[in-house]
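Colleague: The following block contains the structure, expressed as structure tokens.
The values are calculated or read from the model by the stated rules, or taken from the named source; none is laboratory data. Please read all numbers here as calculations on a predicted model, not as lab measurements. Heads up, the Cβs are rebuilt from the backbone with ideal geometry, glycines too, and the neighbour counts pull from every protein chain shown. Keep in mind that these areas ignore ligands, DNA and RNA; they rest on the heavy atoms of the full protein, side chains included. Shrake-Rupley method; radii C 1.70, N 1.55, O 1.52, S 1.80 Å.
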Amino acid sequence: MTQQIYVAGDWVASNASETLDCVDPSTGEAFDKIANGNAQDVDAAVKAARAALPGWRSTPAGERAALLRKVAAAIVDNREDLAALETRDNGKPMAESYIDVDTIAAIFGMYADMADDLATNPEEVVETGGDVMEVTVARVPIGVIGMITPWNFPLEQFTWKVAPALAAGCTAVIKPSEFTSLSSLALARLMGEAGLPAGVLNVVTGTGPRVGEALVMHPGVDKVSFTGSTATGKQIMRGAAEDLKRVSLELGGKNPVIVFDDVDIDAAAEWVTFGAFVNQGQVCTATSRLLVHEAIADKFEARLAEVAANVKIGSGDTDAVKMGPLVSQSQYDKVMGYIETGRSEGARVLTGGGRPDEMDKGYYIAPTIFTDVTADMRVWREEIFGPVLSVMRFADEAEAIQLANDTPYGLAATVLSADEARTERVADALEAGITWQNCNNMVVIQAPWGGVKKSGMGRELGRWGLDAFLEPKQKTRWKAGGGVGWYDMKIA
Ligand code: NAD
């Protein structure tokens, strides 16, 4: 039976008869179906979110916090099922699905604390330097949020948006990726069971052109919070401009990792392969461009090849597996196409380069490293979103920084060196929203996440993630004795 959608607190059949298969990427076989919803579904969901807004917005923030804590507890109680579902739908190793489940429980808890803080500190005082006015700033919920997420971290992306939005007092309609909708539906179910009032959260499944566009264009939506590719992000921004909706965009990346000649080669090779291949390289912050100092390049590449060739690949539920299959046939085809492009551009395959020998089904691609890469090659410039690492060499710090910043993207950047003054200096010079020194691809839930340049606008996580769903509202109170109107006022 086709999964239902969640509208106004009820599980209902979509108005559309079309369905989409949920495919297990380790076998290529369908195991469930979701609705390929339509504009009518979106309209019902947005109306439900609008109807729920006055009640939710005026629910004391402390009560909203209590509900978010119940959701966090329900996630902990359902850890096994959520992780297994995520692995089956997305393909990622179970160890990573467990990390995702544990992280989202922590995120619901963190935003519950921030909702409590909103309750105790609802307004900030602005110092004006005089005594005729008292000025405060309240933080008010933006309203109904349209949320659109990709398929690489479905549980996380749902939570990075839904938890802070609901903490802020907003209501929401979310459209998860059509490739991985099941865990979002499961979380919505847990939230409903935890007592979330009807309409505060609605989930409509389906493709971008059918459901995503209808959500972006709906006049009842106040803000669109989008995570996905830069190409789709541009379309969303154009669509949102029609009603001047607010937008937050978490987009793509082609992130550099710079390795200086003073590193511990074994440790650096671990960080580099982790950053390039974790989650099969389907990570917006994957460090897929390696810049290595020429003095250690031969030795470092040899070590990288060894580490990459030893990464255990298999279905996500296999013991100790580090890489599973890619999410879908289309992503598999896209990444294989890029590997062919790299070869035809003249790059050399150091290791990998296609399907692992022992795998006869599923969307598996071996960790692939290209050397002899030049800065004009497509494998160096374009986001591949798969397990493909391209390597260039540099002679000095200035050249490393120049090559690292020579990209339209600006999401994340990593620098590895034993010299901490240098890592600090280089991190400051890198054009990226997130920098890592002597580590790689750390997700710190208390810190801002997001990019500069064509990697997007706005930030998620931490207090920045909450601010994304609040508008500052100025409240100026005039005091007796301050004069009146025109030129009689004492401004100070
Ligand atoms: P995508 O842009 O193809 O799709 C993302 C979502 O947008 C999906 O739900 C899709 O159905 C929807 N969509 C597609 N076309 C649409 C349209 N015209 N209008 C409205 N919605 C539409 O991206 P993807 O392939 O699912 O995800 C991979 C991309 O996401 C990569 O570029 C990656 O870097 C990016 N990403 C960024 C972050 C971040 O935090 N910056 C995190 C994860 C993924």
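Colleague: Give, to the nearest whole percent, the P(r) tail of the stretch 346-492 beyond 27 angstrom, counting all Cα pairs.
Modeller: Considering the stretch 346-492, 48 percent of its Cα-Cα pairs are separated by more than 27 Å.
Colleague: Once amide H atoms are placed 1.01 Å from N in the peptide plane, what residues at a sequence separation of 5 or more from Ala16, or on another chain, have their amide H within under 5 Å of its amide H?
Modeller: Asn38
Colleague: Here's another thing I want to ask about it. Suppose every K and R has +1 on its Cβ and every D and E has -1 on its Cβ; what is the size of the dipole of the chain about the Cα centre, in Debye to the nearest 20?
Modeller: 1620
Colleague: Among all stretches of the chain without exposed trypsin sites (Lys or Arg not before Pro) (DSSP loop, at most 14 other Cβ atoms within 10 Å), which one is longest?
Modeller: 1-311
Colleague: Which entries of Lys70/Lys475; Lys47/Lys234; Lys33/Lys312; Lys161/Lys453 show an alpha-carbon separation above 28 angstrom in the structure shown?
Modeller: With Cα atoms farther than 28 Å apart: Lys70/Lys475; Lys33/Lys312.
Colleague: How much length is gained if the chain between Asp243 and Ser58 is pulled fully straight, taking 0.36 nm per residue apart and subtracting their Cα-Cα distance, in nm to one decimal?
Modeller: Answer, rounded to one decimal: 64.1 nm.
Colleague: If you roll a 1.4 angstrom probe over the protein chains with everything in place, what fraction of the accessible area of the chain belongs to carbon and sulfur, to the nearest %?
Modeller: Solvent-exposed carbon and sulfur of the chain make up 53 percent of the total.
Colleague: Further, regarding this structure: Leaving ligands and nucleic acids out of the surface, order Val137, Val162 by accessible area at 1.4 Å, largest first.
Modeller: These residues rank, largest area first, as Val137, Val162.
Colleague: Can you give me the C-alpha center-to-center distance between the stretch 128-184 and the stretch 350-410, rounded to a whole angstrom?
Modeller: Result: 34 Å between the Cα centres.
Colleague: Amide H of Thr351: which non-local residues (sequence gap of 5 or more, or other chain) have their own amide H closer than 5 Å, using H built in the peptide plane?
Modeller: Ile369
Colleague: Sticking with this one: Quick one: go through the stretch 90-129 and flag any residue whose amide nitrogen is under 18 Å from the point 7 Å out along the Cα-to-Cβ line of Met489.
Modeller: 126-129
Colleague: A further question on this structure: Roughly how many Å is it from the Cα centre of the stretch 274-313 to that of the stretch 1-74, as a whole number?
Modeller: For the stretch 274-313 versus the stretch 1-74, the Cα centre distance is 38 Å.
Colleague: Something else now. Using only alpha carbon positions, build the gyration tensor of the chain, then give the equivalent ellipsoid semi-axes as the square roots of 5 times its eigenvalues, largest first, whole angstrom.
Modeller: One finds semi-axes of 40, 30, 19 Å for the chain.
Colleague: I need the phi-derived Karplus couplings for the stretch 399-410: 6.51 cos²θ - 1.76 cosθ + 1.60, θ = phi - 60°, integer Hz, Gly and Pro marked x.
Modeller: After applying 6.51 cos²θ - 1.76 cosθ + 1.60, I find 5, 4, 5, 4, 5, 4, 7, 7, 7, x, 8, x Hz.
Colleague: So for the chain, averaging the separation of alpha carbon pairs under 8 Å that are six or more residues apart and normalising by length, what relative contact order in percent results?
Modeller: Dividing the mean separation by the residue count of the chain yields 18 percent.
Colleague: With every protein chain present, what is the per residue accessible area of the stretch 372-477 (1.4 Å probe, Å²)?
Modeller: Accessible surface, normalised per residue, equals 43 Å².
Colleague: Turning to a different aspect of this structure: Could you name the lysines whose alpha carbon sits less than 24 Å from that of Lys479, not counting residues in the same chain fewer than 8 places away?
Modeller: Correct list for Lys479: Lys490.
Colleague: Which is farthest toward the positive dipole end of the chain among Val7, Trp380, Thr207, measuring Cα position about the Cα centre, with Cβ charges +1 (Lys, Arg) and -1 (Asp, Glu)?
Modeller: Val7
Colleague: Once you treat every alpha carbon in the stretch 237-316 as an equal point and sum by Debye, what is log10 I(q)/I(0) at q = 0.14, 0.24, 0.26 Å⁻¹?
Modeller: Taken in order of the listed q values, log10 I(q)/I(0) reads -0.57, -1.14, -1.24.
Colleague: What aspartates and glutamates sit close enough to Lys245 to cross-link, taking a C-alpha to C-alpha distance under 20 Å and skipping anything fewer than 8 places away on the same chain?
Modeller: Correct list for Lys245: Asp43, Glu213, Asp222, Glu460, Asp467, Glu471.
Colleague: Under the 0.36 nm per residue contour assumption, what length would be gained going from the current alpha-carbon distance of Asp317 and Thr374 to full extension?
Modeller: Stretched out fully, the Asp317 to Thr374 stretch lengthens by 16.7 nm.
Colleague: When the Kirkwood hydrodynamic radius is evaluated over all pairs of different C-alpha atoms of the stretch 120-263, what value in angstrom, to one decimal, is obtained?
Modeller: 17.2
Colleague: Per residue, how many Å² of accessible area does the stretch 132-254 show with a 1.4 Å probe?
Modeller: Per-residue accessible area for the stretch 132-254 comes out at 27 Å².
Colleague: Cross-link candidates for Lys454: which aspartates and glutamates have Cα within less than 13 Å, leaving aside residues fewer than 8 places away along the same chain?
Modeller: The qualifying aspartates and glutamates are Glu250, Glu382, Glu383, Asp406, Glu431.
Colleague: What nm value, rounded to one decimal, do you get for the distance between Asp262 and Met359 when each label is placed 7 Å out toward the C-beta?
Modeller: The two pseudo-label positions are separated by 3.9 nm.
Colleague: Right, next: Rank these by accessible area, largest first, 1.4 Å probe: Glu250, Glu96, Glu29, Glu127.
Modeller: Accessible-area ranking of Glu250, Glu96, Glu29, Glu127, largest first: Glu127, Glu29, Glu96, Glu250.
Colleague: With n ≥ 4 as the cut-off for DSSP H runs, can you work out [θ] at 222 nm for the chain, using -39500 (n - 2.57) per run divided by the number of residues, rounded to the nearest 500?
Modeller: So the helix-based figure for the chain works out to -12500 deg cm²/dmol.
Colleague: Is the shape of the stretch 54-204 best called rounded, prolate or oblate, per the rule: a/c under 1.5 gives rounded, else a/b larger than b/c gives prolate, else oblate, with a ≥ b ≥ c the square roots of the Cα gyration tensor eigenvalues?
Modeller: prolate
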